[in-house]
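Chemist: Below you will find the structure I want to go over with you.
None of the figures in this text is laboratory data; all of them are computed from the coordinates on show. Source: prediction; values computed, not measured. Methodologically, a virtual Cβ is constructed for each residue, glycine included, from the backbone with ideal geometry; neighbour enumeration extends over all protein chains shown.
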Amino acid sequence: MNAQAYMKKITAELEESISLISREETEALITQMLQSRRIFVAGAGRSGLMGKSFVMRLMHIGLDAYAVGETVTAGLEEGDLLIIGTGSGETVSLAAVAEKAKRLGGKVAAVTINPDSTIGKTADLTVQMPGAPKDRGQEEFRTIQPMGSLFEQTMLVLYDALILGLMEKKGLDSETMYGKHANLE
């Protein structure tokens, strides 16, 4: 196959993956985000990179949001929300972060393939994601892509869709967001 054919296959997989995400779960997450004082987002590896792009957009729409692990990240307190993006739901460092957030009085949301995982069970709410895990030994969702690529792509699209939902509820458009865009570039 050539690059064009691969791109068509990837977008077809992505379209199928997105169609399997629960509307009720995503709406519950949007509601929780609007009710939360501050939003923290965590993920490891490429999932963490998708989370950082989400935090940037949350800031652009005027929400107080942080990427866990950055030097400028505030401390989580009661009334805050932690969103963890994790395919397996078993990343040890993220499970520890989820437990600590709960002890501090925060709410935890898991965006994961496996809601029955350690992090999924710790979470107050989950958005179950389809997609092939990095460990292909138990694969149910078929993909031509390596490792967790389909999960990570689906998560980025979900995060952008959550931004659109938040924008709608807050009466924002792209023009109003530019007031929060970086201007020292």
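Chemist: Please say if region 19-62 is rounded, prolate or oblate, where rounded means a/c under 1.5 for a ≥ b ≥ c the square roots of the C-alpha gyration tensor eigenvalues, and otherwise the choice is prolate for a/b larger than b/c and oblate otherwise?
Modeler: It is oblate, given that a/c is not under 1.5 and a/b is not larger than b/c.
Chemist: Can you tell me how region 21-101 classifies by the Cα gyration tensor, rounded, prolate or oblate, using a/c under 1.5 as the rounded cut?
Modeler: It comes out rounded by the Cα gyration axes.
Chemist: Another question about this same structure. Taking the Cβ-Cβ separation of S19 and K100 as r and a Förster radius of 41 Å, what is the calculated FRET efficiency to the nearest 0.05?
Modeler: That pair, S19 with K100, gives E of 0.75.
Chemist: With each run of n ≥ 4 DSSP H residues scored as -39500 (n - 2.57), what mean residue ellipticity at 222 nm is computed for the chain after dividing by its residue count and rounding to the nearest 500 deg cm²/dmol?
Modeler: It comes out at -15000 deg cm²/dmol, rounded to the nearest 500.
Chemist: Something else: Cα centroid distance between region 13-37 and region 56-98, in Å?
Modeler: Measuring centre to centre over Cα atoms gives 17 Å.
Chemist: Which FRET efficiency value, to the nearest 0.05, do you get for E185 and K121 by plugging their Cβ-Cβ distance into 1/(1 + (r/R0)^6) with R0 = 35 Å?
Modeler: 0.25
Chemist: Provide the FRET efficiency to the nearest 0.05 for the Q35-V92 pair, computing r from the beta carbons and using R0 = 35 Å.
Modeler: 0.75
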